[in-house]
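Note sheet for the following structure.
The numbers here are math on the coordinates, done by the rules we state, and not lab data. The model shown is predicted, which means the values in this text are computed figures rather than measured ones. Backbone-built Cβ (ideal geometry, glycine too); neighbour counts: all protein chains shown.
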């Protein structure tokens, strides 16, 4: 992949944080900043437009707002329905309405998972301990 060169003007505070992180990680400042940008600017080209827009806003959220996204859960009733439909699918053919519901629930669960994982990545980058998979 081709590499582009960019000159950044950083405040003393940001520079010191990047330098400290680089020292702790035994990496160059350039590597730390590239990794930080990679996390803050996730690949959005293949994501649906609505999800891409939500993901693009995550780096602008406060820490407490990111924690809210990271802890987001599917509603219990919808999650129960998702698992019920998956169990039913393993036993029989689903009706067209059940297939529609299952796809909608899978889409919602996937959206939540993607947003949570990006929120956790940003929180980790901000220095918070996050759960390990």
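A few points about this structure:
- Screening residue 128 with (1) part of a loop (DSSP other than H, G, I, E, B); (2) more than 30 Å from residue 24 (Cα to Cα) gives one miss only, at (2).
- Qualifying residue in the stretch 87-101 (condition: under 25 Å from the mean Cα position of the chain (by Cα) and surrounded by fewer than 16 Cβ atoms within 10 Å (Cβ to Cβ)): no
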